[in-house]
Amino acid sequence: MTQVDGHRARNLTRAALAEVKSGGLATHAPRPALSFGQAKVYSVDSDGPAYSSVTVPISGGYSMVSNLTILFNDSGEITQSGETLISENEAGNFNISKFSDGELVKSKDTNRPFMTDAQLRQDAQRGAAGADTVAAQGAGSTVACVAAVLGVSGAVAYLIVGACAGACTVPVVGTAICVACIGAYAAVGGSSIAAVASCF
């Protein structure tokens, strides 16, 4: 995946916003929580058709990594959408809900205590060092790998893995990645998607 800027990025973001405003694309987060001004646009490498993705961060009570990701084909038509909502549940833990084309795919209590975005950012300043703690807690080498590749804390890496894992029942045509994973990577930004994908 390669980040796209300029005219094409603006056009795709406007197209995504228009679909949400018209109700043509159903979202579960309230519309004011969608930060279209901070959207990231990527071209998605595949063995088949060309795709572009628009990832819109979701705030307003939802945790970082929460996003709406819309996939466009080279004709500018929406082919798939994914929404990942990460919030605090009644048990005080992170809860990850994943939607594909508006339908709930999975909702899971992570059993990890909820942290505010400010706490996650503070934790992220420790960077990949947090991955050692996560690995020691038995959260797995995938989380440690994602933390190391992206240079994020173990907690943020855990949310990225949680958003991706088990969500790729419908991968993007010609690729091994899916919309939920594109959104999780784009929400954090930075590193090569292929490098992160290799962690899985």
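Values quoted throughout were computed directly from the atomic coordinates according to the rules given, and no laboratory measurement underlies them. These figures come from a predicted structure and were not determined experimentally. Every residue, glycine among them, receives a Cβ derived from its backbone with ideal geometry; neighbour counts consider all protein chains shown.
Which whole-number percent gives the relative contact order of the range 50-111, counting Cα pairs below 8 Å spaced six or more residues apart?
23
Show me, for the range 30-38, the HN-Hα J-couplings you get by feeding each phi into the Karplus relation (A = 6.51, B = -1.76, C = 1.60, θ = phi - 60°), rounded to Hz, glycine and proline as x.
x, 3, x, 7, 8, 9, 5, x, 10
Contact order normalised by length for the range 1-92, with contacts defined as Cα pairs under 8 Å and 6 or more residues apart; what percent is it?
Contact order relative to length: 23 percent.
Place +1 on the Cβ of every Lys and Arg and -1 on the Cβ of every Asp and Glu in the range 1-103, take the dipole about the Cα centre, and give the residue among Phe36, Met1, Ser63 whose Cα lies farthest towards its positive end.
Of the listed residues, the answer is Phe36.
Is the range 1-66 best put as rounded, prolate or oblate by its Cα gyration tensor, with a ≥ b ≥ c the root eigenvalues, rounded for a/c under 1.5, and otherwise prolate when a/b is larger than b/c, oblate when not?
Prolate, since a/c reaches 1.5 and a/b exceeds b/c.
Going by amide H atoms built from the backbone, whose H comes under 5 Å of the H on Arg112, apart from near neighbours?
Sorted by chain and number, the residues that satisfy this are Phe94.
Taking a cut-off of 16 Å between Cα atoms, list the aspartates and glutamates near Lys106, but don't count ones fewer than 8 places away on the same chain.
In chain and number order, the partners are Glu83, Glu88.
Label the range 83-122 by shape, choosing from rounded, prolate and oblate, from the square roots a ≥ b ≥ c of the eigenvalues of the Cα gyration tensor; if a/c is under 1.5 it is rounded, and otherwise prolate applies when a/b is larger than b/c, oblate when it is not.
Here the range 83-122 falls in the oblate category.
What's the center-to-center distance, using Cα atoms, between the range 43-105 and the range 1-40 in Å?
11
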